[in-house]
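Accompanying notes for the structure given below.
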Amino acid sequence: IQAPKTKEHENEQALNVTFVILNSETSGDGLVGKRKLDAIAETSIVLSHLAIRTGGEFNVVYWKGGKAELAQGRPLEIASKVFNLVPEADLDMDSILNFAINASKPRSLILAILDAPYPMSIDPTIFRRAIIRQHFIHVLLLDTVSFFDYVGDEEIRRCAWKITSDREHSHLNELTVLLASNSISSQTCSQVTLLPRVLDTFSRSSVVLET
């Protein structure tokens, strides 16, 4: 996977990035080759190219075997770890985020990829710890519906799909509002928009963290 080569990225200063993969039990949702974890893994590799090219440090934190683990180094080394991740039913969000915060260099960009489909709730105070430690944290909420293709012409199937989709999007909107009320930056990402939104956050954060 080649990182996008744009003048904007080439001019960025060194930025330390910690990419947190909250690989919960639903992170394996999606079609074969287009699962949530597949999109996350591909995004992490592209981002690692950009972060390292600016001279910064790039870390990936994920959950494996009941504990948080760290992958760092060149993109190929990171790829060997993230492309073998599996959903973890015992993911401890509090522990993995504390691990990520402690593993990050001062004033790092922490990107947390959160899979929180309806009716999952979250505790925003967990993310605020990063802000207290002088990091910039941005939460990206995965839109579960976008990882599946609608199939069928029956009216009842279309209605069921719309109800599911509307319920999921309403739930994600409530989570973004909750995070915003706690001064935490976040946005919803589909299978298609995950990578461009991560790259946009990377570009904007490089300016903010330089000041």
Which of (1) farther than 17 Å from THR18 by Cα; (2) surrounded by 19 or more Cβ atoms within 10 Å (Cβ to Cβ) does ALA112 not meet, given it meets every other one?
(1)
Here is a check on your reading of the model: is TYR62 open to solvent by 10 Å² or more (accessible area, probe 1.4 Å), in contact with an Asp or Glu (Cβ under 7 Å, 6 or more places away or on another chain) and not hydrophobic (A, V, I, L, M, F, W, C)?
no
Single unsatisfied condition, ALA39 versus (1) among the small types (Gly, Ala, Ser); (2) closer than 14 Å to LEU140 by Cβ; (3) open to solvent by less than 10 Å² (accessible area, probe 1.4 Å):
(3)
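Which residues, taken from region 28-59, are part of a helix (DSSP H, G or I) and not hydrophobic (A, V, I, L, M, F, W, C)? Give the steps one after another, and end with the answer.
Going residue by residue through region 28-59, those that are part of a helix (DSSP H, G or I) are 36-53.
Within region 28-59, LYS36, ASP38, GLU42, THR43, SER44, SER48, HIS49, ARG53 meet the criteria.
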Filter result (in contact with a Leu (Cβ under 8 Å, 6 or more places away or on another chain) and at pLDDT below 95) within region 137-165:
PHE147, PHE148, ASP149
Of the conditions (1) closer than 23 Å to PHE147 by Cα; (2) touching a helix residue (DSSP H, G or I) at 6+ places or on another chain (Cβ under 7 Å); (3) not charged (D, E, K, R), LEU50 satisfies every one except a single condition; which number is it?
(1)
Looking across region 178-193 at residues that are farther than 14 Å from ILE110 by Cβ and part of a strand (DSSP E or B), the single one that is least open to solvent (accessible area, probe 1.4 Å) is CYS189
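Among residues belonging to region 136-161 that are of a type in the set (D, E, K, R) and touching a residue at least 24 places away in the same chain (Cβ under 8 Å), point out the one that is most open to solvent (accessible area, probe 1.4 Å). Don't jump to the end; show me each part of the working.
Residues of region 136-161 that are of a type in the set (D, E, K, R), as a first pass: 143, 149, 153-155, 157-158.
This time we only want the ones that are touching a residue at least 24 places away in the same chain (Cβ under 8 Å), so: 143, 149.
On the way: ASP143: 18, ASP149: 102 Å².
The selected residue is ASP149.
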Just one of (1) touching a Phe, Trp or Tyr at 6+ places or on another chain (Cβ under 8 Å); (2) closer than 17 Å to THR18 by Cβ; (3) of a type outside the set (A, V, I, L, M); (4) open to solvent by less than 40 Å² (accessible area, probe 1.4 Å) trips up PRO75, so point out which.
(1)
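Among the candidates LEU85, LEU97, LEU91, which residue alone is of a type outside the set (Lys, Arg), out of contact with any Gly (no Cβ under 7 Å at 6 or more places or on another chain) and not in a loop (DSSP other than H, G, I, E, B)? Full working, then the answer.
Values: LEU85 fails: not in a loop (DSSP other than H, G, I, E, B); LEU91 fails: not in a loop (DSSP other than H, G, I, E, B).
Of LEU85, LEU97, LEU91, the one residue that is of a type outside the set (Lys, Arg), out of contact with any Gly (no Cβ under 7 Å at 6 or more places or on another chain) and not in a loop (DSSP other than H, G, I, E, B) is LEU97.
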Looking at (1) under 20 Å from ILE101 (Cα atoms); (2) over 16 Å from the mean Cα position of the chain (by Cα), which one does ALA68 not meet, given that it meets all the others?
(2)
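The values are calculated or read from the model by the stated rules, or taken from the named source; none is laboratory data. Here the structure is a predicted model, which is why all the values come from computation and not from measurement. Cβ atoms come from the backbone with ideal geometry, glycine included; neighbour counts cover every protein chain shown. Note: areas computed on protein heavy atoms with side chains; ligands, DNA, RNA excluded. Shrake-Rupley method; radii C 1.70, N 1.55, O 1.52, S 1.80 Å.
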